[in-house]
Amino acid sequence: MSPVIPGFAYRRVAVAEGVSLNVAVGGSGTPIVLLHGFPQTHLMWRHVAADLAADHTVICPDLRGYGASDKPAESAAGGYAKRTMAADVVALARALGHERFALAGHDRGALVAFRAGLDHPDAVTHLACLDVLPTLDMWEVMSGTAAAVGFHLYLMAQPPGLPERMISASADAFFGHFLDLWGRDPAAIPSDVRDVYLAACRGAVDSIVADYRASAGVDVTHDRADRAAGNRLRMPVTVLQQDWGAALGYDATALWGAWAPKLRHATVDCGHFMAEEAPDEVAAALRELLAR
């Protein structure tokens, strides 16, 4: 039996034409939506979600293209643009009865959350982003040999065909590489959860690549337009990150501050999978954010 978030109810919710999301919902109180990263599913929030459910309605979906959610074919219309995926999240919350909600995302989910905060400021009350830079800033700081850490970004940015074939040929090794490399505490992702992540990714290669490909194209276009227009995140924002700036030579607080005037930025002493490696610290940071 696959692991689930204990005490949470599971359902499928239609969010767009032909697209339904798998979502776990638990607790009661003011709502917060938690978006997972790569190469994971909603299950990465299991510890934090259980903590927050004592005081909040906690909504944990699989993003479109991931986990047990629908995986529409990539399209020229931007089916995996973060703008489209952010609209999914707003539609999901509304379908569950919430016009306004707090939003936290990790990794890919943080990019969706960032776009939701820009596009839907009247819906997103508080925003947390874990261990990413905004897409435009990410590409701008990647340079030289240090950028080799992001080789997957360049691989999955290539035109349709080759990346999907290469990854599908050795999917468990590819996705498992990131689970092994990016975490500091192997025990934080036990074998049964790791198996869920690998199986989910193995069955979603095309849509995962489409998500990343969008971040090398349409997502950059959207970020550039917002930067040029001076658009900013209006809500309180918390960012938790590893100290990637020290390794890659950038000031993460300054980059985030340009987008988020109400920013609280902190570095963490754990690996990339912080919601699993340091769930108490992440839950405390989210509670602090929600109190602002």
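Looking at 65, 29, can you tell me which residue is open to solvent by 20 Å² or more (accessible area, probe 1.4 Å) and on the phi > 0 side of the Ramachandran plot?
When all the criteria are applied, what remains is 29.
Tell me whether the stretch 121-135 contains one or more residues that are touching a helix residue (DSSP H, G or I) at 6+ places or on another chain (Cβ under 8 Å), buried (at least 18 other Cβ atoms within 10 Å of the Cβ), of a type in the set (Asp, Glu) and under 23 Å from residue 228 (Cα atoms).
In the first step, residues of the stretch 121-135 are kept if they are touching a helix residue (DSSP H, G or I) at 6+ places or on another chain (Cβ under 8 Å); the result is 123-124, 126-135.
With buried (at least 18 other Cβ atoms within 10 Å of the Cβ) added as a condition, the list becomes 123-124, 126-135.
Keeping just the survivors that are of a type in the set (Asp, Glu) gives 131.
Applying the additional criterion that residues be under 23 Å from residue 228 (Cα atoms) yields none.
No, the conditions are met nowhere in the stretch 121-135.
So, in the stretch 44-62, exactly how many residues are closer than 19 Å to residue 11 by Cβ and open to solvent by 10 Å² or more (accessible area, probe 1.4 Å)?
The qualifying residues number 5.
Would it be correct to say that residue 214 is hydrophobic (A, V, I, L, M, F, W, C) and open to solvent by 20 Å² or more (accessible area, probe 1.4 Å)?
For residue 214, the condition - hydrophobic (A, V, I, L, M, F, W, C) and open to solvent by 20 Å² or more (accessible area, probe 1.4 Å) - is not met.
Open to solvent by 10 Å² or more (accessible area, probe 1.4 Å), in contact with a strand residue (DSSP E or B) (Cβ under 7 Å, 6 or more places away or on another chain), aliphatic (A, V, I, L, M) and modelled with pLDDT of 95 or more, is that true of residue 157?
No; evaluated as a whole, the condition is false for this residue.
Looking at the structure I just gave you, is residue 70 under 15 Å from residue 26 (Cα atoms) and either part of a loop (DSSP other than H, G, I, E, B) or in contact (Cβ under 8 Å) with a residue 60 or more places away in the chain (or both)?
On the way: under 15 Å from residue 26 (Cα atoms): no; either part of a loop (DSSP other than H, G, I, E, B) or in contact (Cβ under 8 Å) with a residue 60 or more places away in the chain (or both): yes.
So residue 70 fails the test.
May I ask you to say which residue of 248, 286 is surrounded by 17 or more Cβ atoms within 10 Å (Cβ to Cβ) and either over 16 Å from the mean Cα position of the chain (by Cα) or at pLDDT below 95 (or both)? Let's see the steps before the verdict.
On the way: 286 fails: either over 16 Å from the mean Cα position of the chain (by Cα) or at pLDDT below 95 (or both).
Residue meeting the stated conditions: 248.
Mind counting the residues in the stretch 75-107 that are open to solvent by 10 Å² or more (accessible area, probe 1.4 Å) and either basic (Lys, Arg) or without any contact (Cβ under 8 Å) to a residue 60 or more places away in the chain (or both)?
Residues flagged as open to solvent by 10 Å² or more (accessible area, probe 1.4 Å) and either basic (Lys, Arg) or without any contact (Cβ under 8 Å) to a residue 60 or more places away in the chain (or both) within the stretch 75-107 amount to 8.
With the condition kept exactly as written, say whether any residue in the stretch 52-65 is part of a strand (DSSP E or B), touching a residue at least 60 places away in the same chain (Cβ under 8 Å) and closer than 25 Å to residue 253 by Cα.
Among the residues of the stretch 52-65, not one is part of a strand (DSSP E or B), touching a residue at least 60 places away in the same chain (Cβ under 8 Å) and closer than 25 Å to residue 253 by Cα, which makes the answer no.
Can we say residue 192 is within 25 Å of residue 46 (Cβ to Cβ), surrounded by fewer than 15 Cβ atoms within 10 Å (Cβ to Cβ) and in contact with a Pro (Cβ under 7 Å, 6 or more places away or on another chain)?
The answer is yes for residue 192.
Could you please find all residues in the stretch 133-146 being in a helix (DSSP H, G or I) and within 21 Å of the chain's Cα centre (by Cα)?
Within the stretch 133-146, 135, 136, 137, 138, 139, 140, 141 qualify.
Is the stretch 89-110 home to any residue that is farther than 20 Å from residue 248 by Cα, touching a Phe, Trp or Tyr at 6+ places or on another chain (Cβ under 7 Å) and outside any strand (DSSP E or B)?
yes
All but one of (1) more than 22 Å from residue 265 (Cβ to Cβ); (2) open to solvent by 70 Å² or more (accessible area, probe 1.4 Å); (3) without any contact (Cβ under 8 Å) to a residue 12 or more places away in the chain hold for residue 140, so report the exception by its number.
Here residue 140 meets the rest and fails (1).
Here are 54, 87, 77: which of them is among the aliphatic types (A, V, I, L, M) and either at positive phi or within 20 Å of the chain's Cα centre (by Cα) (or both)?
Testing whether each residue is among the aliphatic types (A, V, I, L, M) and either at positive phi or within 20 Å of the chain's Cα centre (by Cα) (or both) leaves just 87.
In this structure, does residue 239 turn out to be within 18 Å of residue 138 (Cα to Cα), at pLDDT 95 or above, open to solvent by less than 40 Å² (accessible area, probe 1.4 Å) and of a type in the set (A, V, I, L, M)?
Details: within 18 Å of residue 138 (Cα to Cα): yes; at pLDDT 95 or above: yes; open to solvent by less than 40 Å² (accessible area, probe 1.4 Å): yes; of a type in the set (A, V, I, L, M): yes.
Yes; evaluated as a whole, the condition is true for this residue.
The values are calculated or read from the model by the stated rules, or taken from the named source; none is laboratory data. No experiment lies behind these values; they were computed from the predicted model shown. Virtual Cβ from ideal backbone geometry, glycine too; neighbours counted across all protein chains shown. Areas reflect the complete protein model, heavy atoms only, side chains present, ligands, DNA and RNA absent. Shrake-Rupley method; radii C 1.70, N 1.55, O 1.52, S 1.80 Å.
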